[in-house]
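K.L.:
Attaching a single structure in structure tokens format; questions to follow.
The values are calculated or read from the model by the stated rules, or taken from the named source; none is laboratory data. For clarity, every value in this text was computed on a predicted model and none was experimentally measured. Cβ placement follows ideal geometry from the backbone for every residue including glycine, while neighbour counts extend to all protein chains displayed. Calculation scope for accessible area: heavy atoms of the full protein, side chains included, ligands and nucleic acids excluded. Shrake-Rupley method; radii C 1.70, N 1.55, O 1.52, S 1.80 Å.
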Amino acid sequence: MDDFTNIIDTPLSNASEDKLDTRKYVQGLAQYLRQSSMPTTVAIQGQWGAGKTSFMNQLRSILCETGDGCDPQYFGVWINMWEYSLMQTPEKTLISVIKGMIKECTKILAQLNAPSAVVEELKQKAWSFFKKTGSVIASTAVKAGANAVGLDGDAAAAVFSEEDFNETNPQEFRDAFANTVEKCLNSQPEGKPRRRGFMFFIDDLDRINPENAVQILELLKNMFEVSHCIFVLAIDYDVVVKGLKTKFGSTSSDDDRAFRSFFDKIIQMPFSMPIGAYDITSFLEDSLKNIGYFSANELRKEVKLVRVGQEGEEEITSETVISVVDEMTRLSTGTNPRSIKRLINTLSLIKIISNIQSQESEEEEPLSEYDYLMNYGLVCLQIAYPQIYDRIIEEPNYLSWDDDTARQFRLARLTDEKKEILDSATEFDEDWEKVVYRICMTSSYLLISALNISSLLNLIRALYPHDQFEGKINKMLGMTSVTSVTSVAKSEMISDKHQATLDTRHSYWSEFFDYAFAHPEFAKVFKRGKVTQAGWQSFNLKGTGCYLFTVMNLSKNELRVDLYMSGKHELYRKLLSNKDAIEAEIGRTFDWHESGGKADTIRTGDNSFNLSDHGEWPKQFDWLMDVMFRMRNTFTKYICDILA
């Protein structure tokens with residue numbers, strides 16, 4: 001595969017280019033159609049971007065050309081409905097379709113050296129039909145139709161009187177068309193493989209107005225459904241339903257049955273694109289290597305992920321980079337080829353910008369596989385769930401989302417019953433996950449995708465230790481924002497606000513470290529780490545396996561110190577049994593936050609400070625140091641006794 005910076009979204013021309021392993025489905029349908037009785041109509045169903053055009057191209061290659069090394073079985077005629085409907089009224093679109101089909105048929109007749117009388121007869125019958133429908137179609141369209149089949153429109157129009165325009169007879173046209181097809185097949189040269197009939201490929205029916213699509217289906221049924229013809233249509237059942245509702249209205253519960261009957265009357269064989277069976281892993285591997293996002297070796301590297309087990313305990317698992325990429329893709333864009341191509345192109349641009357930044361800044365650390373995986377996950381969110389991505393842009397550390405965040409987002413409250421249900425689900429038992437669910441409640445699409453969204457966010461979360469997450473997601477969001485469809489004004493506003501928050505945090509923690517570690521007693525029991533732009537800093541409690549987190553929340557104007565226990569639920573429960581004694585010894589009350597063993601925390605805070613007042617910072621630092629000392633001394637003693 002040649003190296004390029006992007007993947008173009010063009011249909012495959014033949015089966016040899018197939019990267020999604022659909023060949024067995026193409027061959028299966030081709031084998032079915034080789035000996036099908038005619039006339040028959042097949043509907044290739046699937047959402048936009050599912051690969052319907054590529055699928056039909058492969059069918060045409062096998063059945064109408066020599067794509068599989070066999071003799072072609074049919075004369076292939078390709079009609080792109082999107083092209084025929086551009087800048088056209090519905091009536092003119094119908095005329096254009098008829099023109100196109102006749103034009104393609106006459107080309108084949110000419111190639112077979114069919115008698116000129118046969119060609120002229122078809123043209124005359126076509127003109128006759130255009131003439132007879134002139135009462136409902138503008139005269140310009142009639143003239144255009146005549147010109148399209150080889151007659152002079154003005155001269156032909158003069159032949160007919162107004163009375164002629166009132167009569168329509170589709171049966172006449174259909175009989176003429178059937179006769180033409182029969183003569184065409186009989187004109188095939190002797191001594192060469194004979195083709196069974198015509199195969200009409202009608203593409204992009206689901207890209208035009210649904211009501212127009214229904215009219216096209218009726219047109220094909222009433223005028224072109226003749227012996228020796230097979231129609232392969234790219235359309236989805238939902239489009240037919242929309243068109244029927246517009247045409248006839250929807251008034252009763254029996255409508256669905258009536259709509260299905262209409263579909264079944266026209267379509268003899270519905271075929272759904274096997275999108276769930278696509279081999280996207282190979283496609284992703286080739287694409288990511290092609291744009292230079294990951295090398296072959298990097299895709300096979302193992303990464304450590306912090307997963308949450310059935311009982312809530314944290315488990316370190318090893319997975320390959322490509323397996324994480326595959327999971328992120330399936331949880332977001334799914335296996336839709338068009339969505340995956342957009343994802344790959346977005347990653348390519350971000351990679352190029354990242355490389356330029358690294359070259360310009362000697363201090364810029366190169367991104368790791370974990371960074372590129374987080375970036376991949378965020379782009380998946382951006383493309384598949386933009387509403388979720390936009391919320392993360394506003395408040396990047398989604399692990400800290402809570403009821404206050406939900407109020408800030410103006411989200412609906414959860415009922416007590418709904419809370420109880422969510423508490424019992426691993427995907428929604430944490431506070432931030434409930435906020436995610438409340439965002440999903442704003443959209444039916446998000447709601448049915450809520451489990452996938454939570455799983456994707458948890459997968460992104462598993463890439464880093466808790467104390468590194470906020471700094472990492474802030475950095476990665478800066479990279480992905482250039483490809484967001486969020487309005488520029490909104491994006492810049494959020495970016496400016498977010499950067500100001502990051503700058504304030506960095507200044508706050510830098511000064512806190514300088515202030516606190518200037519005290520020998522503090523420096524003796526706590527280890528100075530690297531200052532970050534995160535909303536917290538972590539300090540290891542030696543000998544306990546636990547951490548103290550100092551937290552400053554600018555949006556809530558809150559200072560807090562947390563005891564963080566990852567995967568130590570039994571320890572948390574034993575500490576909780578000593579709650580009164582611990583709080584009395586420290587002299588503070590705590591919020592005992594149990595989360596089923598994922599990350600139990602014991603918190604105490606104060607929101608009486610003004611975090612924006614730089615002159616008050618030393619007073620706040622004294623408060624943090626005092627609480628840290630008290631918590632360290634008391635909790636270390638209790639934890640060591642429990643573990644002894």
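K.L.:
If you go through the range 611-622 one residue at a time, do you hit one that is open to solvent by 40 Å² or more (accessible area, probe 1.4 Å), within 47 Å of the chain's Cα centre (by Cα), closer than 18 Å to Trp536 by Cβ and free of Cβ contacts under 8 Å to residues at least 60 places away in the same chain?
P.N.:
no
K.L.:
What residue, of Gly567, Gly587, is in contact with a helix residue (DSSP H, G or I) (Cβ under 9 Å, 6 or more places away or on another chain) and either open to solvent by 50 Å² or more (accessible area, probe 1.4 Å) or at pLDDT below 90 (or both)?
P.N.:
After ruling out the rest, the residue left standing is Gly587.
K.L.:
Something else: Yes or no: Leu217 within 31 Å of the chain's Cα centre (by Cα) and under 30 Å from Ile108 (Cβ atoms)?
P.N.:
yes
K.L.:
Quick check on the range 33-86: of everything there that is among the polar types (S, T, N, Q) and in a loop (DSSP other than H, G, I, E, B), which residue is farthest from Asn186 (Cα to Cα)?
P.N.:
If we take residues in the range 33-86 being among the polar types (S, T, N, Q) and in a loop (DSSP other than H, G, I, E, B), then Gln47 is farthest from Asn186 (Cα to Cα).
K.L.:
Continuing with this model, one more query. Between Leu109, Leu86, which is modelled with pLDDT of 65 or more and touching a Leu at 6+ places or on another chain (Cβ under 8 Å)?
P.N.:
Leu109
K.L.:
Something else: Take the range 254-289 and flag every residue that is more than 27 Å from Lys221 (Cα to Cα), out of contact with any Lys or Arg (no Cβ under 7 Å at 6 or more places or on another chain) and surrounded by 15 or more Cβ atoms within 10 Å (Cβ to Cβ).
P.N.:
Scanning the range 254-289 gives Ile275, Tyr278, Ile280, Thr281, Leu284, Glu285, Ser287, Leu288, Lys289.
K.L.:
Six or more apart or on different chains, Cβ under 6 Å: which pairs go from a residue in the range 515-533 that's open to solvent by 70 Å² or more (accessible area, probe 1.4 Å) to one that's assigned to a loop (DSSP other than H, G, I, E, B) and at pLDDT 90 or above? Could you list them?
P.N.:
Once the first residue is open to solvent by 70 Å² or more (accessible area, probe 1.4 Å) and sits in the range 515-533, its partners that are assigned to a loop (DSSP other than H, G, I, E, B) and at pLDDT 90 or above give Arg528/Phe517.
K.L.:
So, of the residues in the range 349-370 that are more than 22 Å from Met328 (Cβ to Cβ) and outside any helix (DSSP H, G or I), which turns out to be modelled with the lowest pLDDT?
P.N.:
Looking at residues that are more than 22 Å from Met328 (Cβ to Cβ) and outside any helix (DSSP H, G or I), I get Glu363.
K.L.:
For the range 437-474, enumerate the residues that are more than 21 Å from Lys530 (Cα to Cα) and open to solvent by 50 Å² or more (accessible area, probe 1.4 Å).
P.N.:
Met441, Thr442, Ser444, Tyr445, Leu447, Ile448, Leu451, Asn452
K.L.:
Do we have any residue at all in the range 593-607 that's in contact with a strand residue (DSSP E or B) (Cβ under 7 Å, 6 or more places away or on another chain), in a helix (DSSP H, G or I), under 18 Å from Tyr515 (Cβ atoms) and not aromatic (Phe, Trp, Tyr)?
P.N.:
No - not one qualifying residue is present in the range 593-607.
K.L.:
Give the residue that is most open to solvent (accessible area, probe 1.4 Å), with candidates limited to residues of the range 399-419 that are among the polar types (S, T, N, Q) and within 27 Å of Ala462 (Cα to Cα).
P.N.:
Within the range 399-419, the match that is most open to solvent (accessible area, probe 1.4 Å) is Gln408.
K.L.:
For the range 388-451, which helices (runs of 4 or more DSSP H) that fit wholly inside it have 3 or more residues that are among the hydrophobic types (A, V, I, L, M, F, W, C)?
P.N.:
431-440, 444-448
K.L.:
Something else: What is the number of the single condition among (1) without any contact (Cβ under 8 Å) to a residue 60 or more places away in the chain; (2) assigned to a strand (DSSP E or B); (3) open to solvent by less than 60 Å² (accessible area, probe 1.4 Å) that Asn540 does not meet?
P.N.:
(3)
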